[in-house]
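First up is the structure itself, then whatever we jot down about it.
The values are calculated or read from the model by the stated rules, or taken from the named source; none is laboratory data. None of the values given here were measured: they were computed from a predicted structure. Ideal geometry is used to build each Cβ from the backbone, glycine not excepted, and the neighbour counts take in all protein chains shown. Heavy atoms of the whole protein, side chains included, go into the accessibility calculation; ligands, DNA and RNA do not. Shrake-Rupley method; radii C 1.70, N 1.55, O 1.52, S 1.80 Å.
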There are 2 protein chains.
Amino acid sequence: MWNENNLTQMLKINYPIIQAGMAGGVTTPELVAAVSNAGGLGTLGAGYMSPEKMSQAIVEIKKQTTKPFAVNVFIPEYPEVTDEELLNANQSLRAFREELQLTTKPTLNQDDLLFERQMEVILNHEVPVCSFTFGVPSKERLHVLKEKKIITIGTATTVNEAVLNEESGVDMIVAQGSEAGGHRGTFHGAFEASMIGTMSLIPQVVDQVSIPVIAAGGIMDGRGIFASLVLGAQAAQLGTAFVTSLESGAKEQHKEAILNTTEDQTVMTSVFSGKPARGIQNQFSKKMKEHEGTLPGYPILNALTQDIRKEAAKRNRPELMSLWCGQNPRLSQKQSATEWMVETIAQIERVSNG
Amino acid sequence: MWNENNLTQMLKINYPIIQAGMAGGVTTPELVAAVSNAGGLGTLGAGYMSPEKMSQAIVEIKKQTTKPFAVNVFIPEYPEVTDEELLNANQSLRAFREELQLTTKPTLNQDDLLFERQMEVILNHEVPVCSFTFGVPSKERLHVLKEKKIITIGTATTVNEAVLNEESGVDMIVAQGSEAGGHRGTFHGAFEASMIGTMSLIPQVVDQVSIPVIAAGGIMDGRGIFASLVLGAQAAQLGTAFVTSLESGAKEQHKEAILNTTEDQTVMTSVFSGKPARGIQNQFSKKMKEHEGTLPGYPILNALTQDIRKEAAKRNRPELMSLWCGQNPRLSQKQSATEWMVETIAQIERVSNG
């Protein structure tokens, strides 16, 4: 049976389908619970969340499902930034702020203890599964999670990154191909060198590690999920496919943009957050491109552009929002995640029977 | 059965496995015949070939197999180039010529009638299958081929390009994902926008055209071939997998480079030919990168660098050769194409039975 393997047993799920832990409000408790209740693994994207909001969301998810679910967090980074760099960045962003009539300056409230406090929440709530992006957790941290029987998932964009994850002791690895929407999980080596297509990345990673591999990047339906299993992955993780679901908390302009775009309209850009991410090309990414090399890194730039993205959504100006999207938007659908799961599982049954 | 569909019937082949028509001497008659004799479709990469050499190769292939085979040709381009551009390009290349002690200047013998004469060879020899790269053949030309019962295959890198191919009247389409080694087939729209991963490209193309689709890009074994069929393709086309075969005419340094590289070592570069292509990063592509924007287009630059690439191979200097390679080199093998076909077909049998 296509849906039974080590991974589904370890995660205690019926189908090897994982909803990606997209940050920024996309993964509502309703979405996470819908995917888990349908037999997959829903994921709360807690990367940017305060411990308080995270706790509330986890409590809400547990009210809506008794099935396993995951919480995704970001390995923290603390880049240096000079006053001059900040001044330059704000200068580059000024025209957008003026256009949106934003009068207050963005504040940089970097919370150096956020990650520690997020991990406490995960331990306290005994979240079934914890996934990590932007780095490898320490062996000590993984040990603590293991003692609480929390399953851990790392993220890799190259074979080397997958090996580093396995060495750290995570239970399984997401291998993120270049088709993926949103942020690259790259943490070791140059970002450009890590843009490996899913079709190439999965078999190479599977051959080099012994823990289960989860395919991600450009997968949008039962054909892609079953193809991932054929390539040697034990599950597929999908992001863009769930952004347009009814349960998703994505802004309506974001959903509409995905539903109406084509495969040749996305670009890799770091002008929104300081870290390369794939989204639908728009006025903001086009105009800011000339500054791309001189802008501060993640998460500084992310904080600097936050008010612009929020205000743009409020004023219905998608051309100034971050419209994260993978390379397979023609397969996007506006429907409930529950219905999508049922139809997709039926599609895999058909495809896997030839 | 995984190996029976419209495409295998139309091409009269036993297995939906196509060896890509790589130009530059890789596709020897031995390689083409080995793949066709094993039940796949071998392809002579005739893009750069004189009609005389093409005729000889076709005669030789016919001596070695009675099975169908294909010949690949390039839709011609005639870019303008000024004397100043040529001077600048030769200036950029001078250090490499001196290093290799090349004393003669490269000559630009553009043959405006090459394509016409290549097509005459294909018609005269009644080649079973003709595939096209870098554009769409005219309806008139396809009509003439059809009258001779020659099956035609176009190449697309986006859904739009696939639709243009179908409208022109080709019988089937190769959809080339961004993982592919060698030249991009892109002919409509910006090259950057056409870098779509195979996992995303195939289902989107399949959903938008009604003729058979052939998956290409990052496919190196039975897992990739069967995954392509799952995604909706009716065959897979493999290039890099056959470059390292014993029958391949690729330079030994090229074969060794592929066998010893990893997925994160290839780059897209247009400094060898004037057209973007994926190869293993080396001294030539690194040093020439600064000139990339100002160099003349394809095929001018290709002619200007030809003596450098040839002399580098002679002197065993792979750092100055074009080492075309896809993003899945860890799966490359040094073995006969016949043996590879037998093992790969057995692997697909295993994979397709779950």
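Does B:Q101 satisfy the condition of being loosely packed, with under 15 Cβ neighbours inside 10 Å, assigned to a loop (DSSP other than H, G, I, E, B), of a type in the set (S, T, N, Q) and within 22 Å of the chain's Cα centre (by Cα)? Here the answer is no, as B:Q101 does not meet what is asked.
Got a sec? Which of B:L87, B:L113, B:L108, B:L100 is over 27 Å from B:Q9 (Cβ atoms) and modelled with pLDDT of 95 or more? Give the derivation first.
Numbers: B:L87 fails: modelled with pLDDT of 95 or more; B:L113 fails: modelled with pLDDT of 95 or more; B:L108 fails: modelled with pLDDT of 95 or more.
The unique qualifying residue is B:L100.
The criterion of at least 3 residues that are under 30 Å from B:T338 (Cβ atoms) and away from every other protein chain (no Cβ under 14 Å) is met by the following strands (runs of 3 or more DSSP E) wholly inside region B:128-247: B:129-133, B:151-156, B:172-176.
Residue under question is B:I280, and the condition is that it be surrounded by fewer than 24 Cβ atoms within 10 Å (Cβ to Cβ), of a type in the set (V, I, T) and more than 19 Å from the chain's Cα centre (by Cα); does it hold?
Working: surrounded by fewer than 24 Cβ atoms within 10 Å (Cβ to Cβ): yes; of a type in the set (V, I, T): yes; more than 19 Å from the chain's Cα centre (by Cα): no.
In short, no.
Contact map, region A:326-351: first residue within 12 Å of chain B (Cβ to nearest Cβ), second residue surrounded by fewer than 21 Cβ atoms within 10 Å (Cβ to Cβ) and not β-branched (V, I, T), Cβ cut-off under 7 Å, separation 6 or more or different chains; pairs are A:R330/B:D207; A:S332/A:L259; A:I348/A:W2.
Open to solvent by 30 Å² or more (accessible area, probe 1.4 Å), outside the structural domain of A:P203 (by the TED database), of a type in the set (V, I, T) and over 24 Å from B:N160 (Cα atoms), is that true of A:T305? Don't jump to the end; show me each part of the working.
Numbers: open to solvent by 30 Å² or more (accessible area, probe 1.4 Å): no; outside the structural domain of A:P203 (by the TED database): yes; of a type in the set (V, I, T): yes; over 24 Å from B:N160 (Cα atoms): yes.
Taking the combined requirement at face value, the residue does not satisfy it.
The numbered conditions (1) outside the structural domain of A:A70 (by the TED database); (2) at pLDDT 95 or above are all true for A:P299 except (2). Could you tell me whether any residue of region B:303-326 is at pLDDT 95 or above, of a type in the set (G, A, S) and part of a loop (DSSP other than H, G, I, E, B)? Yes; the residues of region B:303-326 include at least one that is at pLDDT 95 or above, of a type in the set (G, A, S) and part of a loop (DSSP other than H, G, I, E, B).
Which one of these is within 25 Å of B:C325 (Cα to Cα) and of a type in the set (D, E): B:E98, B:E60, B:E77? So that I can check it myself, show each step before the final result.
Numbers: B:E98 fails: within 25 Å of B:C325 (Cα to Cα); B:E60 fails: within 25 Å of B:C325 (Cα to Cα).
The unique qualifying residue is B:E77.
Scanning region A:230-253 for residues that are surrounded by fewer than 24 Cβ atoms within 10 Å (Cβ to Cβ), of a type outside the set (K, R) and over 15 Å from the mean Cα position of the chain (by Cα) gives A:G232, A:Q234, A:L246, A:E247, A:E252, A:Q253. Of everything in region A:202-229 that is farther than 13 Å from A:G177 by Cα and among the polar types (S, T, N, Q), the residue that is surrounded by the most Cβ atoms within 10 Å (Cβ to Cβ) is A:Q208.
Kindly check whether there is at least one residue in region A:59-79 that is of a type in the set (G, A, S), in contact (Cβ under 8 Å) with a residue 60 or more places away in the chain and either open to solvent by 40 Å² or more (accessible area, probe 1.4 Å) or not assigned by the TED database to the domain that holds A:H291 (or both). Spell out how you get there, then give the answer.
Of the residues in region A:59-79, the ones of a type in the set (G, A, S) are A:70.
Cutting the leftovers down to in contact (Cβ under 8 Å) with a residue 60 or more places away in the chain gives us A:70.
Now restrict to residues that are either open to solvent by 40 Å² or more (accessible area, probe 1.4 Å) or not assigned by the TED database to the domain that holds A:H291 (or both): A:70.
Yes.
Here B:A250, B:A227, B:A277, B:A313 are screened, and the one residue that is over 24 Å from B:M49 (Cβ atoms) and small (G, A, S) is B:A227. Could you check, for region A:82-99, whether at least one of its residues is farther than 24 Å from A:A190 by Cα and β-branched (V, I, T)? Looking through region A:82-99, none of the residues is farther than 24 Å from A:A190 by Cα and β-branched (V, I, T). Might you check whether a residue that is touching a helix residue (DSSP H, G or I) at 6+ places or on another chain (Cβ under 6 Å), within 13 Å of chain A (Cβ to nearest Cβ) and at positive phi occurs anywhere in region B:255-273? No: zero hits.
Out of A:G177, A:G135, A:G197, report the one residue that is open to solvent by less than 20 Å² (accessible area, probe 1.4 Å), of a type outside the set (F, W, Y) and out of contact with any Ser or Thr (no Cβ under 8 Å at 6 or more places or on another chain). First the steps, then the outcome.
On the way: A:G177 fails: out of contact with any Ser or Thr (no Cβ under 8 Å at 6 or more places or on another chain); A:G197 fails: out of contact with any Ser or Thr (no Cβ under 8 Å at 6 or more places or on another chain).
Only one candidate passes the filter, namely A:G135.
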